[in-house]
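The values are calculated or read from the model by the stated rules, or taken from the named source; none is laboratory data. Since the structure is predicted, the reported quantities are computational estimates derived from the model, not experimental observations. Cβ sites come from the backbone with ideal geometry, for glycine too, and all protein chains shown count toward neighbours. Accessible surface is based on the protein model in full, side chains and every heavy atom, while ligands, DNA and RNA are left aside. Shrake-Rupley method; radii C 1.70, N 1.55, O 1.52, S 1.80 Å.
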Amino acid sequence: MTTNHTNSPADSDVSFREDEAFAIKLDADDPLAHYRAQFHIPKQSNGEDVIYFAGNSLGLQPRTVRDLIGQELTDWAKLGVDGHFDSTRPWYSYHEIFRDTGARLVGAKPGEVVMMNSLTINLHLMMTTFFRPTKERFKIMMQSPAFPSDTYAVKSQLAFHGLDPAEALIILKPREDEHTIRLEDIEQTLAEQGDKIALVLFEGVNYFTGQLFEIEKITNLVKQHGCVMGWDLAHAAGNVPLKLHQWDVDFAVWCNYKYLNAGPGAVAGCFVHEKNSKNLDLHRLAGWWGNDPNTRFRMHLQPEFVPRPGAEGWQVSNPPILALAPVKASIDIFDEVGMSPLRQKSTQMTDYLAYLIGLLSANRFEIITPQPASVRGCQLSILAHERPRELHNALNSKGVVCDFREPNVIRVAPVPLYNTYHDAWRFAQVLARHVEAG
Ligand SMILES: *Cc1c(COP(=O)(O)O)cnc(C)c1O
């Protein structure tokens, strides 16, 4: 059966069709299609490309990575310590190459973004500065489900300040029989407890449901109540357009290995609003790389820490150059494409995948990621009502790479940089055959 279905109630005006030729046509018309060739696409044992829908977990390797790392190895071999200043990209200032590109990625001003450490470490560094509980204001508000690392970090910060999570941690949950969090519930909790909340920490795109929060609106609301607003953008950076400076976000952290394709355990990103970095009364955990470069090498002659301006002032150690090279490879691609065209393709491709899944047995599974496109990124979370592990195994055995999250959710992410509409079509075929097999 090949019919015209309109993709309601999504906010896209495209009419999709379920036949293969339609997928091929969408790929042929895709202005970003050539970017796929810039990535290594893993193969199945039969030699075909896998259907890689796990870019929300670990992005694929840009082909430029090997040469960029190789360059640093060559420079190190040839120059030794002189590479700090004389290498192709001097190590001394290597992190500064992200000043503009990193800022553009998340809608920041140059200097508000630094690439350093890993996500959870950055979260701790940020909370050390931005979670300063007082007798009156001592609570942290988070959402549920939350990525466990964030919960551990928050609970340990509370304990560090001698606070009991039972009193000091507010966890906002979806209502019964709902999967995602409503804005009015955030509003209500703030109305009730806002004057006791020191910090609100939310995921911009929820790792489990794929819900995209209204970051600007929530940030404004939270700040009206006098709380600090921090965002974990692990699933938002490189997935949706952001305007962190304009939205007046206090701080944000994200990893660079999911949508940002900088490799396993990649050096992470951190945003500090310039209003905050100019406030020298804020405490921070210091190290020499956060110090003003003009006095850094006065070493023991100048033992007083003088923070360098901007987010770079939160750096602690000198950065791992071999690990920053893949970040450069990846961010350069994003800077060339731009988040806006990426989002356009992403919206259409995810709507298309949702449409194809929607044609299949609704009593077997449901998409819990909210509609429309404005409240999600590219991830769709499929809740399987029956035998979820079996479904995941069946997908894997047919060349789909996607992940399973306890207890019953399969997450698939068609990533606009390297996935194709045909990938979405092939995925739906695999799913359909599994449904038919019973
Ligand atoms: C992926 C992810 C992490 C991972 O933390 P690391 O410090 O990079 O290991 C943490 N929080 C969220 C919300 C994530 O999505």
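Helices (runs of 4 or more DSSP H) wholly in segment 114-214 with at least 2 residues that are open to solvent by 20 Å² or more (accessible area, probe 1.4 Å), away from the ligand (no atom under 15 Å from the Cβ) and touching a Lys or Arg at 6+ places or on another chain (Cβ under 6 Å) - which ones? Write out each step before concluding.
On the way: elements: 119-130, 148-160, 165-168, 183-193.
Because the criterion is at least 2 residues that are open to solvent by 20 Å² or more (accessible area, probe 1.4 Å), away from the ligand (no atom under 15 Å from the Cβ) and touching a Lys or Arg at 6+ places or on another chain (Cβ under 6 Å), no helices (runs of 4 or more DSSP H) in segment 114-214 meet it.
Does at least one position in segment 29-42 carry a residue that is more than 16 Å from the ligand (Cβ to nearest atom), of a type in the set (Val, Ile, Thr) and farther than 30 Å from Asp164 by Cα? Yes, segment 29-42 contains at least one residue that is more than 16 Å from the ligand (Cβ to nearest atom), of a type in the set (Val, Ile, Thr) and farther than 30 Å from Asp164 by Cα.
Can you find even one residue in segment 102-111 that is at pLDDT 95 or above, under 23 Å from Phe334 (Cα atoms) and within 16 Å of the ligand (Cβ to nearest atom)? Yes, that holds for at least one residue. Residue check: Tyr94 meets all listed conditions (1) among the aromatic types (Phe, Trp, Tyr); (2) touching a Gly at 6+ places or on another chain (Cβ under 9 Å); (3) assigned by TED's automatic domain parsing to the domain that holds Trp254 but one, namely (2). Whether a residue is within 16 Å of the ligand (Cβ to nearest atom), β-branched (Val, Ile, Thr) and touching a residue at least 12 places away in the same chain (Cβ under 8 Å) was assessed, and Val272 does not pass this test.
Kindly indicate whether Asn276 is of a type in the set (S, T, N, Q), surrounded by 16 or more Cβ atoms within 10 Å (Cβ to Cβ) and farther than 26 Å from Thr88 by Cβ. Yes: the conditions hold for Asn276.
On the basis of being more than 16 Å from the ligand (Cβ to nearest atom) and touching a strand residue (DSSP E or B) at 6+ places or on another chain (Cβ under 9 Å), does Gln61 make the cut? Show your work before the answer.
Values: more than 16 Å from the ligand (Cβ to nearest atom): yes; touching a strand residue (DSSP E or B) at 6+ places or on another chain (Cβ under 9 Å): yes.
Yes, satisfied.
You will find that of Asp232, Asp281, Asp250, the residue that is away from the ligand (no atom under 16 Å from the Cβ), open to solvent by less than 30 Å² (accessible area, probe 1.4 Å) and of a type in the set (Asp, Glu) is Asp250 and no other.
Working carefully through the options Leu380, Leu356, Leu360, find the one that is open to solvent by less than 30 Å² (accessible area, probe 1.4 Å) and either farther than 29 Å from Ala252 by Cβ or modelled with pLDDT under 95 (or both). Give the derivation first.
Numbers: Leu380 fails: either farther than 29 Å from Ala252 by Cβ or modelled with pLDDT under 95 (or both); Leu360 fails: open to solvent by less than 30 Å² (accessible area, probe 1.4 Å).
When all the criteria are applied, what remains is Leu356.
Looking across Leu163, Leu172, Leu158, one residue alone is closer than 23 Å to Val205 by Cα, of a type outside the set (D, E, K, R) and assigned by TED's automatic domain parsing to the domain that holds His235. It is Leu172. Annotation note: Cβ proximity below 9 Å between a residue of segment 220-249 that is under 28 Å from Leu380 (Cα atoms) and assigned to a loop (DSSP other than H, G, I, E, B) and a residue that is open to solvent by 40 Å² or more (accessible area, probe 1.4 Å) and within 16 Å of the ligand (Cβ to nearest atom) (sequence gap 6+ or interchain) occurs for Ala234/Phe147; His235/Phe147.
Quick grid of which residues meet (1) within 16 Å of the ligand (Cβ to nearest atom); (2) closer than 19 Å to Met126 by Cβ; (3) surrounded by 24 or more Cβ atoms within 10 Å (Cβ to Cβ):
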residue: Thr219; (1), (2), (3): no, yes, no
residue: His225; (1), (2), (3): no, no, no
residue: Leu242; (1), (2), (3): yes, yes, yes
residue: His245; (1), (2), (3): no, yes, no
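Segment 368-438 holds strands (runs of 3 or more DSSP E) entirely within its bounds, and those carrying 2 or more residues that are in contact with a Leu (Cβ under 7 Å, 6 or more places away or on another chain) and touching a residue at least 60 places away in the same chain (Cβ under 8 Å) map to 409-412.
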